[in-house]
1. For region 135-150, how many residues meet the condition of being within 15 Å of Val210 (Cα to Cα) and in contact (Cβ under 8 Å) with a residue 60 or more places away in the chain?
2. Listed residues Pro96, Pro161; which is open to solvent by 40 Å² or more (accessible area, probe 1.4 Å) and closer than 30 Å to Val268 by Cβ?
3. I'd like to verify a number: residues in region 164-177 that are of a type in the set (D, E, K, R), open to solvent by 20 Å² or more (accessible area, probe 1.4 Å) and closer than 30 Å to Tyr24 by Cα, how many?
4. Return the only residue of Ala91, Ala21, Ala102, Ala7 being surrounded by fewer than 11 Cβ atoms within 10 Å (Cβ to Cβ) and either closer than 30 Å to His260 by Cα or modelled with pLDDT under 90 (or both).
5. Report, by residue number, each residue of region 113-133 that is open to solvent by less than 10 Å² (accessible area, probe 1.4 Å) and in contact (Cβ under 8 Å) with a residue 60 or more places away in the chain.
6. Which numbered condition trips up Arg75, out of (1) over 19 Å from Pro161 (Cβ atoms); (2) open to solvent by less than 40 Å² (accessible area, probe 1.4 Å); (3) part of a loop (DSSP other than H, G, I, E, B); (4) in contact with a helix residue (DSSP H, G or I) (Cβ under 9 Å, 6 or more places away or on another chain)?
7. Check Asn108, Asn83 and return the single one that is in a loop (DSSP other than H, G, I, E, B) and under 15 Å from the mean Cα position of the chain (by Cα).
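The values are calculated or read from the model by the stated rules, or taken from the named source; none is laboratory data. Because the structure is a prediction, the values reported are computed rather than measured. All Cβ positions, glycine included, derive from the backbone under ideal geometry; neighbour counts span all protein chains shown. Side chains are part of the model used for accessible areas, which takes the heavy atoms of the whole protein and leaves out ligands, DNA and RNA. Shrake-Rupley method; radii C 1.70, N 1.55, O 1.52, S 1.80 Å.
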Amino acid sequence: AELIPPAPEVDPETGVPQGGAKLYIRPMLLGSGQQLGLHPSPQISLLFFVSPTGSYFQGKTMGGLKLHLERRRCRAARGGTGNVKCCGNYAVTMRPLLDAQAKGFQDNLYLELDTYHNPPPGTKSRLQQAVLQELSAANIFLVLKTGEIVTPGLKRGTILPGVTRDTVLTLAREFKDELRPIMAASIKEAGMGEEKKDDDFEVTVSERDVRVEDLLNAAEVFVTGTAAEVVPVQSIGTSETPAEELDGEEEESFSVKFPHGESSAGPVTTKLLEMLREVLGEKRSSEATKDWLCDVYASPEDFRKGGCD
């Protein structure tokens, strides 16, 4: 709090830039020592990038995202740094992202490539049993027709444990009774099951391996990120790989369009975004969320304590 000066044009009542934009603060640690060798820097510089920001997915004005299911290139592998917020995790996504955008997609959805290339014996579709990771800079959630809200788990060490990811998981668990009728209506509207009475319907929130085949049972899909917040997805599919890149192997195709998301977010996605913004606006609170907000003008000691009071 001592290191970050008040940003210009900030509304003193809300702490965000004038006009309703979000204030994005990114701390950065850079190795700045004088060296050429491959070893840890003897000197580290701490910087803060502070800027107003709007929609993360630029140019996307309505409807959900169209995601490309990336089968050939890897964002992260087990034993690497996929669960750490470091520059290398973003650098490897740049070329695949440009390629996906050139084909009409907004981003890539990456796979655990070892599960794609090394399926269990007897697997009918190695692509459909492959495990999902995340996007270039966002986590993914599925709202399944069983009433489960699920996101890829962290045990493999290849998923970034995003703050907004954790926030949505907490909100979904804390207010699952409030989500129950909304979930039931979403599934019914999607034509994936009969609407049940609240007492017969259970909302579950899970972190586990999510496979490509799970996408076929999703009524809604959305992604989360600090700048993105909660964004719906309308479709996920593969694209044709140039013959010279196939190396003689056959490649499966996949495509799914979700019942919700083409023109607007689904009911569950909409409600979770509403809950998130209500917490940020101090209009919703619970035991789990009471220490999430801090007074940016408080002393460093009080700022570190957290809390809305």
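1. 11
2. Among Pro96, Pro161, only Pro161 is open to solvent by 40 Å² or more (accessible area, probe 1.4 Å) and closer than 30 Å to Val268 by Cβ.
3. Initially, region 164-177 is screened for residues of a type in the set (D, E, K, R), giving 165-166, 173-174, 176-177.
Adding the requirement that they be open to solvent by 20 Å² or more (accessible area, probe 1.4 Å) leaves 166, 173-174, 176-177.
Subsequent filtering for residues that are closer than 30 Å to Tyr24 by Cα retains 166, 173-174, 176.
Looking only at that region, the number is 4.
4. On the way: Ala91 fails: either closer than 30 Å to His260 by Cα or modelled with pLDDT under 90 (or both); Ala21 fails: surrounded by fewer than 11 Cβ atoms within 10 Å (Cβ to Cβ); Ala7 fails: surrounded by fewer than 11 Cβ atoms within 10 Å (Cβ to Cβ).
Step by step, each of Ala91, Ala21, Ala102, Ala7 is checked, and only Ala102 is surrounded by fewer than 11 Cβ atoms within 10 Å (Cβ to Cβ) and either closer than 30 Å to His260 by Cα or modelled with pLDDT under 90 (or both).
5. First pass over region 113-133, keeping only residues open to solvent by less than 10 Å² (accessible area, probe 1.4 Å): 116, 127, 130-133.
Scanning region 113-133 gives Leu127, Ala130, Val131, Leu132.
6. The single condition Arg75 does not satisfy is (1).
7. On the way: Asn108 fails: in a loop (DSSP other than H, G, I, E, B).
Among Asn108, Asn83, only Asn83 is in a loop (DSSP other than H, G, I, E, B) and under 15 Å from the mean Cα position of the chain (by Cα).
Okay, residues lined up against (1) at pLDDT below 95; (2) of a type in the set (Val, Ile, Thr); (3) under 27 Å from Ala288 (Cα atoms); (4) in a helix (DSSP H, G or I):
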| site | (1), (2), (3), (4) |
| --- | --- |
| Pro119 | yes, no, no, no |
| Arg126 | yes, no, no, no |
| Glu134 | no, no, yes, no |
| Ile140 | no, yes, yes, no |
| Val143 | no, yes, yes, no |
| Ile149 | no, yes, yes, no |
| Lys155 | no, no, yes, no |
| Arg165 | no, no, yes, yes |
| Thr170 | no, yes, yes, yes |
